[in-house]
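Colleague: Sharing a structure here in structure tokens format.
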Amino acid sequence: AQMQAMGCGHLLVTAYTGVAAAPFKGPTLLSVFNLGVESKNAKRVEQMSHGRRETARKKFFNECGVKIENIGGIVIDEVSFNELEIFGHLDGRLRQLTGNMDVLCGGIPLLLCGDNFQKPPTTGNPWYKDMAKNAEEQGALLAGGPTTSKARGLELLQAARRVQLWRNMRARFDQPFVEVQEQMR
């Protein structure tokens with residue numbers, strides 16, 4: 001509501017799972033960007049034809065109720081569920097849906113939220129482990145070229161600014177619960 005009031009567009013809240021997206025009445029990440037099992041696991045980022053791009057833009061609208069050009073930002077919750085490749089495909093989809101091919105995510109700001117100490121992806125590697133492996137192997141993930149989903153995901157995440165929240169605000173008035181959560185971590 002604040003973004004719309006300030007003329008910044010709509011804020012889309014999504015997540016990998018429906019359980020995480022449902023409280024915000026948002027679509028799942030894979031559904032809104034039409035990333036099925038085959039396409040999310042593809043090694044290369046899809047270059048959509050004009051017809052396919054228009055179909056994807058309509059699907060985005062049908063899932064969100066907002067046109068892509070009216071999106072001011074996207075929140076992706078439960079980010080620990082995502083693999084590096086998903087971020088690469090997301091970057092490619094947003095570039096193509098917006099038509100802004102030379103800007104990360106088509107110029108739409110992303111806010112990645114979650115706790116990487118929580119559940120990892122159901123298949124594959126957690127994105128942060130791939131980033132660490134790439135650093136250890138001095139850029140090995142980039143060897144496949146800039147159109148690979150891993151390279152695009154890596155580019156996106158390396159460009160991100162990281163903010164670590166250090167205080168539990170969800171249960172701030174229930175100190176015994178906060179202490180139990182911190183002990184579990």
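Colleague: Once the piece of chain linking M6 and R52 is laid out straight, how much longer is it, given 0.36 nm per residue of separation minus the C-alpha distance between them?
Modeller: The span from M6 to R52 would gain 13.3 nm if fully extended.
Colleague: A further question follows. Can you tell me what share of the DSSP beta bridges in the chain is antiparallel? A percent to the nearest 5 is fine.
Modeller: Close to 10 percent.
Colleague: Let me ask something else. Over segment 1-97, calculate the relative contact order: mean separation of alpha carbon pairs under 8 Å at least 6 apart, over the residue count, as a percent.
Modeller: 38
Colleague: Given a cut-off of under 8 Å on Cα pairs at least six residues apart, what relative contact order in percent is computed for segment 42-185?
Modeller: 28
Colleague: Please list, by residue number, every one of the GluC sites (Glu not before Pro) in segment 102-185 that is coil in DSSP and has at most 12 other beta-carbon atoms within 10 Å.
Modeller: E137
Colleague: Suppose every K and R has +1 on its Cβ and every D and E has -1 on its Cβ; what is the size of the dipole of the chain about the Cα centre, in Debye to the nearest 20?
Modeller: It works out to roughly 360 debye.
Colleague: Let me ask something else. Please work out how much length the chain gains when fully extended from F24 to Q138, using 0.36 nm per residue of separation minus the C-alpha to C-alpha distance, in nm with one decimal.
Modeller: Extra length available between F24 and Q138 comes to 37.1 nm.
Colleague: Mind listing which chymotrypsin sites (Phe, Trp or Tyr not before Pro) in segment 78-185 are in a DSSP loop and have 13 or fewer other Cβ atoms within 10 Å?
Modeller: F117, W166, F173
Colleague: Let me ask something additional. Using a 1.4 Å probe on the protein heavy atoms only, what accessible surface does T122 show? Give it in Å² to the nearest 10.
Modeller: Probe radius 1.4 Å; accessible area of T122 about 110 Å².
Colleague: Cross-link list K40/K129; K58/K129; K25/K133; K43/K119: which exceed 30 angstrom alpha carbon to alpha carbon?
Modeller: From the list (K40/K129; K58/K129; K25/K133; K43/K119), the Cα-Cα distance tops 30 Å for K58/K129; K25/K133.
Colleague: Modelled label-to-label distance, S39 and N62, 7 Å Cα→beta-carbon offset: nm?
Modeller: 1.2
Colleague: Give, rounded to the nearest 20 debye, the magnitude of the charge dipole that segment 1-94 has about its Cα centre when Lys and Arg contribute +1 at Cβ and Asp and Glu contribute -1 at Cβ.
Modeller: For segment 1-94, the charge dipole is close to 340 debye.
Colleague: Okay, next question. What part of the accessible area of segment 35-185, given as a whole %, is carbon or sulfur when the probe is 1.4 angstrom?
Modeller: Roughly 53 percent of what the probe reaches on segment 35-185 is carbon or sulfur.
Colleague: Once the piece of chain linking F117 and Q183 is laid out straight, how much longer is it, given 0.36 nm per residue of separation minus the C-alpha distance between them?
Modeller: 22.5 nm
Colleague: Follow-up. Mean-square fluctuation check for the chain, GNM, Cα pairs under 10 Å: which of V19, V45, V66 is largest?
Modeller: Comparing V19, V45, V66 in a Gaussian network model of the chain, the most mobile one is V19.
Colleague: Can you quote the Å³ per residue value for the convex hull of the Cα atoms in segment 1-92, rounded to an integer?
Modeller: So the per-residue hull volume is 98 Å³.
Colleague: How large is log10 I(q)/I(0) at q = 0.15, 0.18, 0.20, 0.22 Å⁻¹ when the Debye formula is applied to the Cα atoms of segment 56-185, each weighted equally and without solvent?
Modeller: So the normalised log intensities are -0.83, -1.06, -1.19, -1.32.
Colleague: Per residue, how many Å² of accessible area does segment 1-106 show with a 1.4 Å probe?
Modeller: Value for segment 1-106: 48 Å² per residue.
Colleague: Heads up, I need the accessible area for K58: 1.4 angstrom probe, whole protein in place, Å², nearest 10.
Modeller: Ignoring ligands and nucleic acids, K58 comes out at about 130 Å².
The values are calculated or read from the model by the stated rules, or taken from the named source; none is laboratory data. The model shown is predicted, which means the values in this text are computed figures rather than measured ones. Because the Cβ atoms are built from the backbone with ideal geometry, glycine has one as well, and the counts that use them run over all protein chains shown. Heavy atoms of the whole protein, side chains included, go into the accessibility calculation; ligands, DNA and RNA do not. Shrake-Rupley method; radii C 1.70, N 1.55, O 1.52, S 1.80 Å.
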